[in-house]
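Note sheet for the following structure.
The values are calculated or read from the model by the stated rules, or taken from the named source; none is laboratory data. Keep in mind it's a predicted model, so treat the numbers as computed, not measured. Every residue, glycine as well, gets a Cβ built from its backbone with ideal geometry; the counts of neighbours run over all protein chains shown.
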Amino acid sequence: MVILWTDALIFLLLGLMLVLGLYLHQKEYMKRPLQQIGRSKVAMVSLVVLFFFMLVGLLDSVHFKSAKSNDIVSLLDVWATPLREQGEKTYSAPFAVYLYSKEMMTQADGTQQWGYPRLQFGGAHLTDPEAQQTSDITEKALYGFAQGAGLVIFFLFLLWSVLLEQHKPFMNSSSAKAAWAMVFLIVSVNYALIYLSGYYHVFGTDKVGEDVFYQAIKSIRTGLVIGTLTTLIMLPMAIIFGILAGFFRGWVDDVIQYVYTTLNSIPSVLLIAASILMVQVYMANHEEAYTSVIVRADMRLLFLCLILGVTSWTGLCRLLRAETLKLREMEYVQAAQALGVRRRVILLRHILPNVMHIVLISVVLDFSSLVLAEAVLSYINIGVDPTTYSWGNMINGARLEMAREPIVWWSLSAAFVFMFALVLAANLFADTVRDAFDPRRGGYE
Amino acid sequence: MNKPVLTIEHLSVTFNQQQKVVDDISFEIFSGETFALVGESGSGKSITALSVLRLLPNNARLTAAAISLHGDNLLHRSEFELCKIRGSRIGMIFQDPMSSLNPVMTIGSQIEEVINLHFSLSRQATQQRVLELLQQVEIPEPEKRMKDYPHQLSGGQRQRVMIAIALAGEPDLLIADEPTTSLDVTIQAQILALLKTIQQQTNMALWLISHDLALVSNLADRVAVMQRGKIVETGITAEFFSHPQHPYTQKLLDALPSMQSCFTHNVEQKPPLLQVRDFSCHYPIRKGIFKRVVDYVKAVDGVSFDIQQGKTLALVGESGCGKTTLGKSLLNLIPASGGRVIINGIELSRLDGEELRQQRAHIQIVFQDPFSSMNPRMLVGDIVAEGIKALHPKISSDDRKARVALLLQQVGLPEDSALRYPHEFSGGQRQRICIARVLAVDPKLIVCDEPTSALDVSVQAQIIQLLKTLQQEKGVSYLFITHDLAVVAEVADEVAVMYQGKIIEHGPVAQVLSRPAQAYTKKLLAAVPVLQTENPKITA
């Protein structure tokens with residue numbers, strides 16, 4: 001068992017979320033918003049999607065030393081061993097049987113021929129690719145799909161039979177049905193993809209012949225880490241400073257404004273480059289502690305999150321300061337003051353809940369821009385380590401091949417589809433959460 | 001009378017295909033007459049006006065047999081043609097003069113814009129017309145004023161500019177939607193007199209929309225009362241107020257606070273509860289790079305008064321006279337700059353920090369706006385319990401819940417209120433919640449900052465009744481801040497009149513209202529619109 005820094009933080013975050021969830025679950029005022037989220041189809045479907053992303057991310061966050069190769073691998077790697085090890089020489093298109101570039105091949109009779117060679121793994125079981133390929137793919141896809149579908153249906157029956165009578169109405173509601181339909185779809189399609197991956201490269205291969213599907217699912221963890229850990233660093237700073245500046249005004253406000261104006265006027269790329277450089281120098285000086293490539297890459301990822309968090313809190317802080325300035329003059333805040341409510345309680349009970357909608361919106365928007373920022377930073381080589389799988393690195397690699405004729409489109413498309421699904425699901429879910437926690441919107445569908 | 005200017009036949013407006021806001025109403029307005037449409041908030045009176053101009057929101061559906069202007073059915077007009085009718089043949093004045101004017105354009109150019117829309121005049125002629133209009137609405141020094149921006153004018157002057165804009169198109173019909181609701185009484189009287197004069201000069205029809213029956217009785221020729229989208233009664237003003245037919249109208253008239261009620265108060269003396277001595281609240285005016293203090297705004301300037309136990313002192317004055325500042329700084333919500341506040345023998349003005357927090361319970365405040373005075377994200381039960389939690393943290397949560405339930409019952413709210421959110425309640429009910437919230441900490445004195453001015457008359461009467469009942473049961477004193485002298489007569493034992501940060505007159509309510517000593521008090525009293533059926537003079 002090897003615990004990387006980001007692994008520890010991810011599980012810590014998960015633990016905190018669970019504790020918070022259990023604590024809030026018992027509260028009276030949480031009942032209605034939670035029910036409203038439960039009733040919303042969009043929320044439940046996006047929650048299922050997010051849940052699957054999180055599951056993959058968590059599986060990828062349990063690292064240990066492999067007995068065979070002495071590498072540090074994750075649970076996901078073990079599970080996807082065939083994908084990881086069955087590489088090709090270079091590019092190959094999705095479901096291809098032949099390589100994407102021509103090379104000199106030695107025929108059985110010893111003659112040399114210039115042409116597209118067969119792939120080492122993709123479709124290697126086919127004897128006559130032209131005739132068999134389509135029917136083989138359809139057959140295998142259906143078989144995989146049926147396996148997944150069977151599993152979900154079996155599980156649902158099991159659940160239904162052990163379920164308490166009082167929970168059955170909820171299972172029958174339209175949102176629960178939508179959620180289960182989404183589970184069905186995701187599991188079945190994934191089963192089909194996984195089954196097919198045993199025989200083909202479903203998303204093709206990249207320049208060094210690595211499976212793009214494997215890269216895309218490995219990138220989920222990186223995306224989640226950058227999105228959540230950065231937010232985790234940024235949020236407390238933005239919320240605490242923003243609310244304090246707006247509520248206390250005076251010298252507190254002056255100091256906080258001074259800090260964020262200064263920070264904002266330093267180009268963030270400069271700060272990020274400096275901090276990444278510092279980490280690299282540190283790791284070079286302490287080589288004994290950072291022997292493995294994966295540990296070094298992880299350290300770099302952590303520092304990237306840290307510095308992105310430090311540079312990105314100012315925008316939200318400004319918004320919160322302005323909103324707090326407005327809220328502190330509201331009469332309910334004055335009424336609380338008159339009732340002798342302590343200032344810290346006023347901040348927590350009256351100000352914080354009434355700025356949460358801004359926090360939620362900007363966090364979700366930031367989440368997507370952070371995932372994208374990682375791609376941009378990879379371009380100037382100050383993003384995640386080049387050996388780390390990330391959508392940014394995938395896009396960066398694919399960028400060079402955009403001019404190629406015929407175009408190599410699959411790396412870019414795979415990164416795009418995965419990012420799109422994650423960011424869209426997060427956005428839709430956050431939308432419903434925001435509406436559910438605004439009591440004025442309760443009851444309007 | 002002559003032919004009608006505006007005829008509305010069987011007008012209905014439905015929101016979201018189910019809520020009927022206006023329900024089959026018909027009436028006519030003749031030229032040269034003032035027609036008043038009265039009703040409580042939500043009765044559909046503004047929607048009726050907007051549907052004539054076809055300015056309804058998108059989710060509204062309008063059905064009508066006819067809406068005719070001089071016999072010309074507006075329903076058959078296209079949107080393009082209606083644009084020409086709006087402003088030129090029908091003018092409209094809205095309630096809030098601040099948000100109806102464009103803050104980055106001078107008032108002259110805003111009036112010019114309307115003139116250019118409807119007439120093609122030369123530049124000089126347009127300027128001349130702007131001057132005439134500003135003279136007509138009696139703005140002093142119109143040549144200088146036309147280059148001013150809206151924020152440089154007072155509220156009353158802004159409303160005058162709005163009237164000038166509405167008159168610029170020389171309309172046959174002027175719709176005034178609550179034209180004076182956001183203005184002070186003395187300004188209100190001036191604006192109404194102006195509207196009347198202009199109407200006589202131009203012989204146009206004036207359609208007045210208001211919730212204020214007393215105001216309407218002074219100004220209108222004919223009155224129609226709306227209730228829940230229906231017109232329940234129409235009549236010539238004099239008959240209407242002397243012999244109201246419909247029970248709803250009678251109820252509205254009964255709910256009006258009466259100036260006569262000031263003679264019924266008990267004049268027995270009680271020991272003083274609150275003593276305020278030489279109290280002031282100054283704001284520094286800072287200028288220059290170093291933010292040097294150049295002068296002070298004296299919002300409250302050396303005020304002294306007492307409030308007796310279980311009695312009510314009314315603080316009256318126009319907006320900006322410092323009455324709200326005084327109320328809030330008594331509670332230390334606004335820092336005071338001098339003077340002493342002694343309640344129950346404790347000198348509040350010398351306490352701060354934790355000591356002050358512990359003594360907070362003595363004075364509480366009820367605000368004017370029942371919408372912004374409660375955290376929209378808290379349950380009503382938690383809102384009421386807030387003071388108990390803060391000042392008596394040792395009380396167990398079951399006892400607290402029981403106490404909240406009792407308080408809600410005392411202010412006349414249903415039992416299940418504690419688990420609902422503030423937005424589910426009406427304005428009057430919200431004000432009841434606010435009262436329950438302050439009662440939770442057993443205050444000796446409640447500062448009521450215009451608690452009823454955002455409410456309808458009938459609801460206002462209920463809240464005043466509730467406050468009186470609570471005073472009898474619990475013996476609390478009130479500092480009742482208001483601009484409405486009729487309400488003062490109803491609730492107060494003593495009156496203090498505030499003008500520019502100072503108390504200029506102070507005495508028992510009957511004395512101040514019937515024999516005012518100061519000229520300013522007399523002016524205030526004269527401006528109050530009084531129902532025309534009553535004897536306008538107060539006699540002892």
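Tell me which residues, restricted to region A:320-351, are more than 30 Å from B:Lys444 (Cα to Cα) and either of a type in the set (Asp, Glu) or at the interface with chain B (Cβ under 10 Å from one of its Cβ atoms) (or both). Give the derivation first.
First pass over region A:320-351, keeping only residues more than 30 Å from B:Lys444 (Cα to Cα): A:320-326.
Passing the criteria: only A:Glu323.
Going by what's in this entry, would A:Trp391 be described as touching a Pro at 6+ places or on another chain (Cβ under 9 Å), surrounded by 20 or more Cβ atoms within 10 Å (Cβ to Cβ), farther than 18 Å from A:Thr231 by Cα and touching a residue at least 12 places away in the same chain (Cβ under 8 Å)?
Working: touching a Pro at 6+ places or on another chain (Cβ under 9 Å): no; surrounded by 20 or more Cβ atoms within 10 Å (Cβ to Cβ): yes; farther than 18 Å from A:Thr231 by Cα: yes; touching a residue at least 12 places away in the same chain (Cβ under 8 Å): yes.
Criteria not met by A:Trp391.
Restricting to region B:417-460, give me the number of residues that are facing chain A (nearest Cβ under 10 Å), of a type in the set (Asp, Glu) and surrounded by fewer than 21 Cβ atoms within 10 Å (Cβ to Cβ). Step through it out loud before you land on a result.
If we filter region B:417-460 for residues that are facing chain A (nearest Cβ under 10 Å), which is where we start, we get B:418-424, B:434, B:437-438, B:440-441, B:443, B:447, B:449.
Checking the rest, the ones that are also of a type in the set (Asp, Glu) come to B:424, B:449.
Keeping just the survivors that are surrounded by fewer than 21 Cβ atoms within 10 Å (Cβ to Cβ) gives B:424.
So the answer is 1.
For region B:355-370: of the residues being facing another protein chain (nearest Cβ under 9 Å) and out of contact with any Asp or Glu (no Cβ under 9 Å at 6 or more places or on another chain), which is surrounded by the most Cβ atoms within 10 Å (Cβ to Cβ)? Outline the logic, then answer.
Quick first cut of region B:355-370, residues facing another protein chain (nearest Cβ under 9 Å) only: B:356-361, B:363-369.
Retained after the next criterion (residues that are out of contact with any Asp or Glu (no Cβ under 9 Å at 6 or more places or on another chain)): B:356-360, B:363-364.
On the way: B:Leu356: 14, B:Arg357: 19, B:Gln358: 11, B:Gln359: 18, B:Arg360: 22, B:Ile363: 25, B:Gln364: 27.
Here the answer is B:Gln364.
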Filter region A:153-205 down to the residues that are of a type in the set (S, T, N, Q), free of Cβ contacts under 8 Å to residues at least 60 places away in the same chain and within 20 Å of A:Gln36 (Cβ to Cβ) and list them by number. A:Gln166, A:Asn172
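Which one is surrounded by the most Cβ atoms within 10 Å (Cβ to Cβ), of the residues in region B:375-387 that are of a type outside the set (Gly, Ala, Ser) and more than 9 Å from chain A (Cβ to nearest Cβ)?
As a first pass, look at region B:375-387 and keep what is of a type outside the set (Gly, Ala, Ser): B:375-380, B:382-384, B:386.
Checking the rest, the ones that are also more than 9 Å from chain A (Cβ to nearest Cβ) come to B:380, B:384.
On the way: B:Val380: 25, B:Val384: 29.
Ranking the qualifying residues of region B:375-387, first place goes to B:Val384.
Could you check region B:310-388 for strands (runs of 3 or more DSSP E) lying wholly inside it with 1 or more residues that are at positive phi? Talk me through it step by step, then tell me what you get.
On the way: elements: B:312-316, B:338-343, B:363-366.
Strands (runs of 3 or more DSSP E) meeting the threshold: B:338-343.
Filter the helices (runs of 4 or more DSSP H) completely within region A:308-359 down to those with at least 2 residues that are at pLDDT 90 or above and buried (at least 21 other Cβ atoms within 10 Å of the Cβ).
Here the list reads A:314-327, A:331-338.
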Might you let me know whether region B:120-138 holds any residue that is touching a Ser or Thr at 6+ places or on another chain (Cβ under 8 Å) and at pLDDT 85 or above? no
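In the set B:Ser349, B:Ser337, which member is touching a Lys or Arg at 6+ places or on another chain (Cβ under 8 Å), more than 14 Å from chain A (Cβ to nearest Cβ) and not aliphatic (A, V, I, L, M)?
Details: B:Ser337 fails: touching a Lys or Arg at 6+ places or on another chain (Cβ under 8 Å).
Result of the check over B:Ser349, B:Ser337: B:Ser349.
For A:Ala426, indicate whether it is under 14 Å from the mean Cα position of the chain (by Cα) and under 14 Å from A:Ser46 (Cα atoms). Let's see the steps before the verdict.
Working: under 14 Å from the mean Cα position of the chain (by Cα): yes; under 14 Å from A:Ser46 (Cα atoms): yes.
So A:Ala426 passes the test.
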Of all the helices (runs of 4 or more DSSP H) wholly in region B:199-292, which have at least 2 residues that are within 20 Å of the chain's Cα centre (by Cα) and surrounded by 15 or more Cβ atoms within 10 Å (Cβ to Cβ)? B:213-219, B:247-255
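Yes or no, residue by residue, for (1) aliphatic (A, V, I, L, M); (2) within 14 Å of another protein chain (Cβ to nearest Cβ); (3) free of Cβ contacts under 8 Å to residues at least 60 places away in the same chain:
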{"residue": "A:Leu18", "(1), (2), (3)": "yes, no, yes"}
{"residue": "A:Gln36", "(1), (2), (3)": "no, yes, no"}
{"residue": "A:Val42", "(1), (2), (3)": "yes, no, no"}
{"residue": "A:Ala67", "(1), (2), (3)": "yes, no, yes"}
Among the residues of region B:312-327, is any at the interface with chain A (Cβ under 8 Å from one of its Cβ atoms) and among the basic types (Lys, Arg)? no
Quick one: which helices (runs of 4 or more DSSP H) sit completely within region B:47-144 and have at least 1 residues that are among the charged types (D, E, K, R) and closer than 30 Å to B:Asn16 by Cα? B:79-88
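Considering each of B:Arg222, B:Arg145, B:Arg160 in turn, give the residue that is modelled with pLDDT of 90 or more and charged (D, E, K, R).
Numbers: B:Arg145 fails: modelled with pLDDT of 90 or more; B:Arg160 fails: modelled with pLDDT of 90 or more.
Sole residue among the options that is modelled with pLDDT of 90 or more and charged (D, E, K, R): B:Arg222.
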Is there a residue in region B:391-408 that is in contact with a Leu (Cβ under 8 Å, 6 or more places away or on another chain), within 13 Å of another protein chain (Cβ to nearest Cβ) and in a loop (DSSP other than H, G, I, E, B)? no
